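Shown next, in structure tokens, is the structure this report addresses.
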Amino acid sequence: MIKKIMSFSILLFCYNLIISQTSWSSLDSLISNSRPSDSLLLYYKNTNKAELKIVKGNFKKAGNFYEKAFTYVENPFWRDINNALKCELYGDKNKDRIMYYVWKKTYISGKKDQIYSDTLLTKLEFWPEIKFLTDTMHSGVDTSISSMLVDLLAFDQKYRSEFSGKNESKRFEKSSIDSINKIDAITGQKLIDLLKEHKGYSEGTMGENWNSFVTILNHNRENHELYYLLLESVFAGKLSSNHFINILAWSSYRESNPDMVPITSCRAHLLNNRILLFFKLSKENRKFYDNQSKKLMIDSYKIYRKKIIWQFRQDPRTFYFNYETGEIIDDTGFWDVIISNELRGKEYKVFYKSSKSKRNLKREARKFEKSNE
């Protein structure tokens, strides 16, 4: 675990070297030179404002910002529809808005159980109408595309699974590496063909098949065309900017494209689902992050931190603004992070769910430390 935490510090140490370089990748150039439509800019502007109102507990104003945002695009993103629905349920409970959001949420995700299990919805007087709408509607997700992505993932994993247990050492033999590279080339090209055929990744037609996408992307990090096509989807309003940034992070794109490190690796790190960790950024790196985030229509680093900490402290989590990098580490490493966080000059800062949680975890950390002296 200590090595894992140290690797984060090494990434941060490298940031200054990265920022000082004048040669940028073509992906960065594409971000800089792309211009989203005015309507898309207004969409993000209003949804970002809505999220800040949610953090402040003003669900009525947040709902108004969402309603305004949805006038600028034909297909809002699932996350925004979900948050808008929650704002209505905690706020005015406007029937027309709720019915629309239920329809749109189900149409995008295809998951009716999310509606049936929402007690805030089932308690409404017009729940029978909501249930009838949900029962009778069809999802916009193309099941053939979903099946194809699932099959691609299965194909990707089938050969790799043969190198587990006693056969793990064979994975590093030249013949095995060559075979895996061929499989990766096939799956990577399949994704490219899929994105070109459908003119990018559309949340409303491809569903939430991120596991398939990210796994295959992780094995095709050098295939920049895949990322360019996804970025084009962002500026076409088909793919959320936040999803795009997290795809970069989840697929380890930063490893071979260091210019994107400030965007992908400055995300919050959720350790063992108990603490939230942020690495401290230099002014130069924060400026770079903010410049990139502005071009991608997402929050500045300061606002991202504010929202993700608030989201982390929800119990239970109701609103979803963004994603953190979730990691499970061993006890030694986990308690070491908490103990080391109290030292001056640390390159990271830890946030807790509550004051009570902070006291309890610190006490457990001290006990663990003493038992291992």
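The values are calculated or read from the model by the stated rules, or taken from the named source; none is laboratory data. These numbers were taken from a predicted model, which means no experiment stands behind them. So basically every Cβ, Gly included, is an ideal-geometry build from the backbone, and we count neighbours across all protein chains shown. Surface accessibility is based on the protein's heavy atoms, side chains included, excluding ligands, DNA and RNA. Shrake-Rupley method; radii C 1.70, N 1.55, O 1.52, S 1.80 Å.
General observations
- Residues (open to solvent by less than 50 Å² (accessible area, probe 1.4 Å) and either over 20 Å from the mean Cα position of the chain (by Cα) or not charged (D, E, K, R) (or both)) located in the stretch 40-51: LEU40, TYR43, TYR44, ASN46, THR47, ASN48, ALA50
- Search result, residues across the stretch 133-142 that are at pLDDT 90 or above and either closer than 19 Å to SER251 by Cβ or surrounded by 11 or more Cβ atoms within 10 Å (Cβ to Cβ) (or both): LEU133, THR134, MET137
- The set of residues in the stretch 328-341 that are surrounded by fewer than 20 Cβ atoms within 10 Å (Cβ to Cβ), out of contact with any strand residue (DSSP E or B) (no Cβ under 7 Å at 6 or more places or on another chain) and touching a residue at least 12 places away in the same chain (Cβ under 8 Å) comprises ILE328, ASP330, ASP331, THR332, GLY333, ASP336, ILE339.
- Considering MET148, MET99, the condition of being more than 17 Å from PHE59 (Cβ to Cβ) and modelled with pLDDT under 95 is satisfied by MET148 alone.
- Only one of GLY63, GLY91 that is among the small types (Gly, Ala, Ser) and modelled with pLDDT under 95: GLY91
- Being touching a residue at least 24 places away in the same chain (Cβ under 8 Å) and closer than 23 Å to HIS243 by Cα holds for only one residue in GLY91, GLY110, and it is GLY110.
Here is a yes/no grid of residues against (1) within 21 Å of ARG267 (Cβ to Cβ); (2) out of contact with any Gly (no Cβ under 6 Å at 6 or more places or on another chain); (3) surrounded by fewer than 13 Cβ atoms within 10 Å (Cβ to Cβ):
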| site | (1), (2), (3) |
| --- | --- |
| GLY326 | yes, yes, yes |
| LYS353 | yes, yes, no |
| PHE368 | no, yes, no |
| ASN372 | no, yes, yes |
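- Only listed residue being free of Cβ contacts under 8 Å to residues at least 24 places away in the same chain and within 30 Å of TYR44 (Cβ to Cβ), chosen from GLN311, GLN292: GLN311
- Taken together, the residues in the stretch 278-324 that are at positive phi and assigned to a strand (DSSP E or B) amount to 0.
- Only one of ILE98, ILE130, ILE145 that is under 22 Å from the mean Cα position of the chain (by Cα) and at negative phi: ILE145
- The lone exception for PRO36 - which of (1) open to solvent by 70 Å² or more (accessible area, probe 1.4 Å); (2) under 22 Å from the mean Cα position of the chain (by Cα); (3) at pLDDT below 95 it fails: (1)
Results for (1) under 18 Å from the mean Cα position of the chain (by Cα); (2) at pLDDT below 85; (3) more than 25 Å from LYS238 (Cα to Cα); (4) of a type in the set (Phe, Trp, Tyr), shown as yes or no for each residue.
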{"position": "ILE275", "(1), (2), (3), (4)": "yes, no, yes, no"}
{"position": "THR325", "(1), (2), (3), (4)": "yes, yes, no, no"}
{"position": "LYS353", "(1), (2), (3), (4)": "no, no, yes, no"}
{"position": "GLU373", "(1), (2), (3), (4)": "no, yes, yes, no"}
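- Helices (runs of 4 or more DSSP H) fully within the stretch 54-128 counting 3 or more residues that are farther than 26 Å from PHE235 by Cβ and open to solvent by 30 Å² or more (accessible area, probe 1.4 Å): 59-69, 95-109, 113-116, 119-122
- Scanning the stretch 347-373 for residues that are farther than 22 Å from ARG317 by Cβ, in contact (Cβ under 8 Å) with a residue 24 or more places away in the chain and part of a loop (DSSP other than H, G, I, E, B) turns up GLU347, ASN372.
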